[in-house]
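Notes follow the structure.
The values are calculated or read from the model by the stated rules, or taken from the named source; none is laboratory data. Given the structure is predicted, the values throughout are model-derived calculations rather than measurements. Because the Cβ atoms are built from the backbone with ideal geometry, glycine has one as well, and the counts that use them run over all protein chains shown. The area values use the complete protein model at the heavy-atom level, side chains included, leaving out ligands, DNA and RNA. Shrake-Rupley method; radii C 1.70, N 1.55, O 1.52, S 1.80 Å.
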Number of protein chains: 2
Amino acid sequence: MPSSGNLFSGLPDGRLPDETFETLADGPGLRIELIVSTGQTTPEGEWLDQEQSEWVVLLRGSARLLIEGEETERSLKPGDWLMLPAHCRHRVTWTSEDEPAVWLAVHFSRP
Amino acid sequence: MPSSGNLFSGLPDGRLPDETFETLADGPGLRIELIVSTGQTTPEGEWLDQEQSEWVVLLRGSARLLIEGEETERSLKPGDWLMLPAHCRHRVTWTSEDEPAVWLAVHFSRP
């Protein structure tokens, strides 16, 4: 029987102390992850720098993201996706708190 | 510069003659695909039987899907996801036409 679920069931009603991360499926060199942010951001002065490539889409809420080398942040609305190659340094500079920011991320390895 | 887009831009206003398929990203043994249905279904008597595993989520619209061996169709609303292992035979029995059914599929190989 195939596993199943709903991305938007169980969303928090207000701000949580931390982002939540849930692995929905995985395979060799692959992980599909649901991330829920309620105001959290990448700590000041830090960058996210990942070994794997990440395709990520914002599905609910809103967020801002800065990619190293770009002058301005990108404002993300539902449906906006980004393909972040491995080691493409980036930081999340803002996430909506009133409406949780729901991200779906596909982490994968590629040569 | 990372590639980017919006899943919901350019959705059709009414029924299209065929489903549309767009590859958003890929890697070794991996393909992330946007599928838009406007009333199309799997032809009567046929099953979808895929070499790769498929994690799929419905993001807009509504749909019904039958998995071989299950007695009743599953009704899907936005956010509903399914992990379909390779060769898990299934058919799409209905998709909404008034509001396009927007699917995000991650096709991947696993041993």
Give me the base-10 log of I(q)/I(0) for segment B:57-111 at each q in 0.18, 0.23, 0.26 Å⁻¹, Debye formula, one uniform scatterer per Cα, rounded to two decimals. -0.62, -0.94, -1.11
For chain A, the Rg and Dmax computed from alpha carbons only, in angstrom: 14.0, 48
For B:Ser62, go 7 angstrom from Cα along the Cα-to-Cβ vector, then report the distances to that same point in the other copies in nm, smallest first. 3.0
What does the protein assembly as shown give for Rg and for Dmax, in Å, if only its C-alpha atoms count? 17.7, 58
Placing a label point 7 Å from Cα toward Cβ, how far apart in nm is B:Glu44 from its equivalents in the other copies, listed shortest first to one decimal? 6.7
Inter-copy distances for B:Pro85, nm, shortest first, label points 7 Å along Cα→Cβ, are 3.7
How high is the relative contact order of chain B, in percent, with contacts defined as C-alpha pairs under 8 Å that are six or more residues apart? 35 percent
Could you compute how much accessible area chains B and A hide from each other, both sides summed, with a 1.4 Å probe? Nearest 100 Å² is fine. 2800 Å²
5 angstrom amide H check on B:Asp80, placed H, neighbours 5+ away: A:Leu7, B:Leu58
Coarse-grained scattering of segment A:26-76 at q = 0.13, 0.22 Å⁻¹, given as base-10 log I(q)/I(0) from a Debye sum over alpha-carbon atoms: -0.41, -1.12
With +1 on each Lys and Arg Cβ and -1 on each Asp and Glu Cβ, and nothing else charged, work out how big the dipole of chain A is about its Cα centre, in Debye to the nearest 20. 340 debye
Computed FRET efficiency, Cβ-Cβ of B:Thr42 and A:Glu99, R0 35 Å: what is it to the nearest 0.05? 0.50
